[in-house]
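Let me begin by presenting the structure, written as structure tokens, before commenting on it.
The values are calculated or read from the model by the stated rules, or taken from the named source; none is laboratory data. Because the structure is a prediction, the values reported are computed rather than measured. FYI the Cβ positions are ideal-geometry reconstructions off the backbone, even for glycines, and counts take in every protein chain you see.
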Amino acid sequence: MTASTMNVDPSAIAMSNADAVGTGRVKIHSKDVKVFYGAKQALKGIYLDIFEHSVTALIGPSGCGKSTYLRCLNRMNDTIDICRVEGLIELDGEDIYGRTIDTVQLRARVGMVFQKPNPFPKSIYDNIAYGPRIHGIGARRDEMDVIVEKSLQRAGLWDEVRDRLKEPGTGLSGGQQQRLCIARAIAVSPEVILMDEPCSALDPIATAHIEELIDELRENYTIVIVTHNMQQAARVSQRTAFFHLGDMVEVNDTEEIFTNPKDERTQGYITGRYG
Amino acid sequence: MTDIAQDLPGTVAKRRTPSRYQSDEFKARLKARYNAERRFQVYGALAIATAAAMLVILLFSICSKGYLAFWQTEIKLEITFDPAVLDPSGERDPNGLRRANYQGLINSALYEAFPEVSGRRDRRNLRALISSGGRFQLADMVVANPDLIGTTQEVWFLASDDIDQFAKGTLPCGVTHEERMAGIPCTVPEDSRPINDRNIGWYDQLYANGQVDFAFNSVLFTKGNSREPELAGMWGAIVGSFYTLVITLALAVPIGVAAAVYLEEFAPKNAWTDLIEININNLAAVPSIVFGLLGLAVFLNFFGLPRSAPLVGGIVLALMTLPTVIIATRAALKAVPPSIREAALGVGASPYQVILHHVLPLAAPGILTGTIIGMAQALGETAPLLMVGMVAFIVDIPQGITDAATVMPVQIYMWSDLPERAFVERTSAAIMVLLGFLILMNGLAVYLRKKFERRW
């Protein structure tokens with residue numbers, strides 16, 4: 001990793017925009033991504049680059065396809081029978097819908113945090129240890145202990161749960177559960193973390209916690225976050241993409257999108273004329 | 001509306017014209033609605049009361065008949081273990097001891113107790129006081145302890161079924177024991193009861209001497225079937241049911257769960273799987289005798305498996321239980337929230353790992369409940385087993401899954417057909433035992449469901 005990608009320079013982010021390739025390395029490249037649910041087309045050809053070690057926010061009104069797009073990035077849409085994906089999505093230049101990539105391998109590299117906190121009904125420890133265990137990481141107990149502790153520390157949950165790792169993860173509060181889910185995603189050491197409205201079920205304090213966390217995680221991971229909350233997008237992301245009715249209308253540096261949107265629809269949405 | 005506008009600020013606005021929701025017509029309508037609701041509740045309560053009353057009547061009629069079968073009348077006799085009869089050679093050879101004339105010992109004891117009885121007919125009647133199983137009881141005693149030979153012992157024998165029934169009052173003669181003791185004769189004519197006045201006299205005499213007692217009917221729970229009611233037990237049927245259910249469980253659960261997991265998690269949704277699904281649902285409604293015919297045609301006639309064996313009965317019942325297990329398992333799998341699957345997929349679990357590590361453990365209580373209820377169904381099933389020969393009269397306790405056996409409900413069916421009065425109460429008692437097992441199993445299902453119920 002070069003210094004420029006390790007610490008994302010805000011000025012470098014500001015220079016990147018929809019037309020020009022940013023100064024950060026492109027982690028995920030999507031070209032003409034179309035998604036169909038049966039006969040219904042949910043995405044109408046998305047072109048979007050996601051840069052390494054930055055937070056990219058996907059915003060837009062309900063049903064605009066931003067979650068659908070997010071779920072294409074780790075092929076979570078494969079679990080829906082009637083869903084069909086066309087176009088090209090490359091992770092580090094490799095087609096994730098190609099023959100060489102396996103979904104299990106892909107999802108180990110591209111982790112996901114869901115809208116509703118969904119810890120396994122197991123202990124806190126096992127929630128974190130599950131991912132590494134199935135991938136054969138941390139076979140020794142002490143190695144696993146380190147992974148669990150580090151993941152919980154990074155998710156900012158360690159101090160709250162260090163004395164009750166054996167208790168069920170479902171017994172935590174909503175915000176803690178969501179941080180547990182983030183820790184679970186981190187434990188596998190993915191390269192990209194996808195977050196599908198991670199704060200929509202949380203109160204403002206828990207939300208602030210998660211947002212801080214996202215900002216810290218940016219150093220080590222590439223993050224794509226779907227959010228309904230435009231303040232949140234403005235707070236946590238470096239780049240923002242605006243989706244509308246299955247189209248990606250505009251992508252740009254976050255500050256630019258919120259202060260100087262190029263498209264009328266973007267402007268309408270962020271100023272609250274519709275949404 | 002202008003009225004309201006004229007109200008002073010801060011005062012409660014009063015509507016001068018009542019709204020349609022305050023009209024008398026509306027009030028009447030409201031009253032009718034509430035009446036309808038009340039009527040509906042009454043119908044529901046009546047339905048429940050009817051069902052409960054039926055259940056109470058059923059249970060009462062079974063228990064009131066059946067409880068007597070848990071007690072047996074026993075008669076005490078003084079038996080002289082005469083060496084000349086038992087072991088003339090003095091070798092103490094167990095085979096010889098077993099073959100000795102024990103009935104003779106009992107007969108002599110009876111003749112001794114009632115020396116006034118003479119004549120072939122009366123003596124035959126006298127001998128009939130004691131169950132024909134008495135001689136085996138003595139043989140067992142002597143073989144186990146040959147030192148008894150030469151001694152005189154008081155031995156409790158089972159009374160024959162007629163005496164037992166008479167003692168319990170189910171073959172009444174019209175007066176109570178005390179009245180008979182006071183010299184009042186029976187009011188029921190002698191030729192319309194199975195035991196005559198002489199028998200009653202002997203019984204009363206034995207009773208007065210303290211030679212009659214009521215003991216717990218351990219035969220019912222330890223012995224196999226018999227033509228003699230007092231010697232008939234259901235242990236053979238219980239063991240037969242156990243072996244049959246083991247086979248059913250061993251087949252129905254793995255096959256059912258595997259089929260359900262495949263259909264629910266892996267199978268593509270197409271016309272074939274739709275067809276299979278419809279067939280499974282329909283199988284659950286197929287009359288059980290059809291499964292028996294299938295078992296007869298396929299397992300007995302084609303594969304040549306042994307007749308009357310728990311193996312075949314278990315296979316047939318497994319076929320019958322499969323749809324229940326599959327449907328319950330699929331419902332339990334469906335009930336696992338998709339968020340758990342997504343979470344597991346999200347950290348890179350393969351579909352197989354998602355199912356094995358997360359979905360199946362979470363569905364286990366539901367699968368377990370469905371399985372136990374299926375097993376309870378199988379335990380109570382009679383018709384298909386009749387077709388594969390498990391209705392035979394079998395005295396021996398089955399020793400394995402290929403031995404001839406019968407099961408509890410079939411035993412009940414067979415006993416209910418027998419003419420002896422004593423089998424009436426034994427039939428009811430067997431039903432009580434079967435119900436006990438069913439309640440136990442359903443209770444277990446409820447307990448497990450409560451214990452493993454998870455909240456997300």
The stretch A:43-90 - residue that is surrounded by fewer than 23 Cβ atoms within 10 Å (Cβ to Cβ) and at positive phi and, of those, nearest to the other protein chains (Cβ to nearest Cβ): A:75
Residue A:235 being away from chain B (no Cβ under 14 Å), among the basic types (Lys, Arg), buried (at least 24 other Cβ atoms within 10 Å of the Cβ) and farther than 30 Å from residue A:137 by Cα: no
Go over the candidates B:306, B:268 one by one and state the one that is over 30 Å from residue A:112 (Cβ atoms) and of a type outside the set (Lys, Arg). B:306
Of the residues that sit in the stretch B:208-220 and are hydrophobic (A, V, I, L, M, F, W, C), out of contact with any Asp or Glu (no Cβ under 8 Å at 6 or more places or on another chain) and touching a residue at least 40 places away in the same chain (Cβ under 8 Å), which one is surrounded by the most Cβ atoms within 10 Å (Cβ to Cβ)? B:220
Kindly check whether there is at least one residue in the stretch B:286-306 that is free of Cβ contacts under 8 Å to residues at least 60 places away in the same chain, among the polar types (S, T, N, Q) and either assigned to a helix (DSSP H, G or I) or not assigned by TED's automatic domain parsing to the domain that holds residue B:386 (or both). yes
What about residue A:208, is it surrounded by fewer than 16 Cβ atoms within 10 Å (Cβ to Cβ) and among the hydrophobic types (A, V, I, L, M, F, W, C)? yes
Could you name every one of the helices (runs of 4 or more DSSP H) located completely within the stretch B:111-196 that has at least 3 residues being within 38 Å of the chain's Cα centre (by Cα) and in contact (Cβ under 8 Å) with a residue 12 or more places away in the chain? B:120-127, B:134-144, B:161-168
Among the listed residues B:233, B:240, B:224, identify the single one that is without any contact (Cβ under 8 Å) to a residue 40 or more places away in the chain, under 30 Å from residue B:388 (Cα atoms) and crowded, with 19+ Cβ neighbours inside 10 Å. B:233
Of everything in the stretch A:152-188, what is away from chain B (no Cβ under 11 Å), farther than 24 Å from residue A:228 by Cα and polar (S, T, N, Q)? Give them in sequence order. A:153
Name the single residue that is surrounded by the most Cβ atoms within 10 Å (Cβ to Cβ) among those in the stretch A:131-140 being over 21 Å from the mean Cα position of the chain (by Cα) and either closer than 20 Å to residue A:211 by Cβ or more than 8 Å from every other protein chain (Cβ to nearest Cβ) (or both). A:138
Checking residue A:100 against (1) outside any helix (DSSP H, G or I); (2) within 13 Å of another protein chain (Cβ to nearest Cβ); (3) of a type in the set (S, T, N, Q), which test does it fail? (2)
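When the residues of the stretch B:309-351 are filtered to those that are in contact with a helix residue (DSSP H, G or I) (Cβ under 9 Å, 6 or more places away or on another chain) and hydroxyl-bearing (Ser, Thr, Tyr), which remaining residue is nearest to the other protein chains (Cβ to nearest Cβ)?
First pass over the stretch B:309-351, keeping only residues in contact with a helix residue (DSSP H, G or I) (Cβ under 9 Å, 6 or more places away or on another chain): B:309-338, B:340-351.
Adding the requirement that they be hydroxyl-bearing (Ser, Thr, Tyr) leaves B:321, B:324, B:329, B:350.
Working: B:321: 29, B:324: 26, B:329: 19, B:350: 5 Å.
Restricting to residues being in contact with a helix residue (DSSP H, G or I) (Cβ under 9 Å, 6 or more places away or on another chain) and hydroxyl-bearing (Ser, Thr, Tyr), the top hit is B:350.
Rundown of residues vs (1) basic (Lys, Arg); (2) closer than 30 Å to residue B:298 by Cβ; (3) modelled with pLDDT under 90, yes/no style:
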position: B:383; (1), (2), (3): no, yes, no
position: B:397; (1), (2), (3): no, yes, no
position: B:402; (1), (2), (3): no, yes, no
position: B:417; (1), (2), (3): no, yes, no
position: B:432; (1), (2), (3): no, no, no
position: B:446; (1), (2), (3): no, no, yes
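Name the residue that is surrounded by the fewest Cβ atoms within 10 Å (Cβ to Cβ), counting only residues in the stretch A:244-264 that are part of a strand (DSSP E or B) and touching a helix residue (DSSP H, G or I) at 6+ places or on another chain (Cβ under 6 Å).
Looking only at the stretch A:244-264, we keep the residues that are part of a strand (DSSP E or B), and these are A:244, A:247-253.
Checking which are touching a helix residue (DSSP H, G or I) at 6+ places or on another chain (Cβ under 6 Å) leaves us with A:244, A:249-250, A:253.
Working: A:244: 21, A:249: 19, A:250: 21, A:253: 24.
By that ranking, first place goes to A:249.
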If you go through the stretch B:365-377 one residue at a time, do you hit one that is within 14 Å of another protein chain (Cβ to nearest Cβ) and surrounded by fewer than 21 Cβ atoms within 10 Å (Cβ to Cβ)? yes
Extreme residue, surrounded by the most Cβ atoms within 10 Å (Cβ to Cβ), among residues of the stretch B:48-94 that are closer than 30 Å to residue B:205 by Cα and among the charged types (D, E, K, R): B:74
Those residues that are of a type in the set (A, V, I, L, M, F, W, C) and in a loop (DSSP other than H, G, I, E, B), I need them from the stretch A:193-217; list them, please. A:199, A:201, A:202
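Answer yes if at least one residue in the stretch B:67-79 is without any contact (Cβ under 8 Å) to a residue 40 or more places away in the chain and not in a helix (DSSP H, G or I), and no otherwise.
No: the stretch B:67-79 contains no residue that is without any contact (Cβ under 8 Å) to a residue 40 or more places away in the chain and not in a helix (DSSP H, G or I).
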With the structure loaded, tell me whether residue A:143 is more than 14 Å from chain B (Cβ to nearest Cβ) and out of contact with any Gly (no Cβ under 8 Å at 6 or more places or on another chain) or whether it fails that test. yes
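Looking only at the stretch B:153-171, decide whether some residue is surrounded by 12 or more Cβ atoms within 10 Å (Cβ to Cβ) and modelled with pLDDT under 85.
At the first step, the residues of the stretch B:153-171 found to be surrounded by 12 or more Cβ atoms within 10 Å (Cβ to Cβ) are B:153, B:155-168, B:170-171.
Then keep just the ones that are modelled with pLDDT under 85; that gives B:170-171.
Among the residues of the stretch B:153-171, at least one is surrounded by 12 or more Cβ atoms within 10 Å (Cβ to Cβ) and modelled with pLDDT under 85, which makes the answer yes.
With respect to residue A:115, is the statement that it is free of Cβ contacts under 8 Å to residues at least 24 places away in the same chain and either touching a His at 6+ places or on another chain (Cβ under 6 Å) or within 10 Å of chain B (Cβ to nearest Cβ) (or both) true? Talk me through it step by step, then tell me what you get.
Values: free of Cβ contacts under 8 Å to residues at least 24 places away in the same chain: no; either touching a His at 6+ places or on another chain (Cβ under 6 Å) or within 10 Å of chain B (Cβ to nearest Cβ) (or both): yes.
No.
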Unmet requirement for residue A:128, which otherwise passes all of (1) facing chain B (nearest Cβ under 9 Å); (2) crowded, with 23+ Cβ neighbours inside 10 Å; (3) part of a helix (DSSP H, G or I): (1)
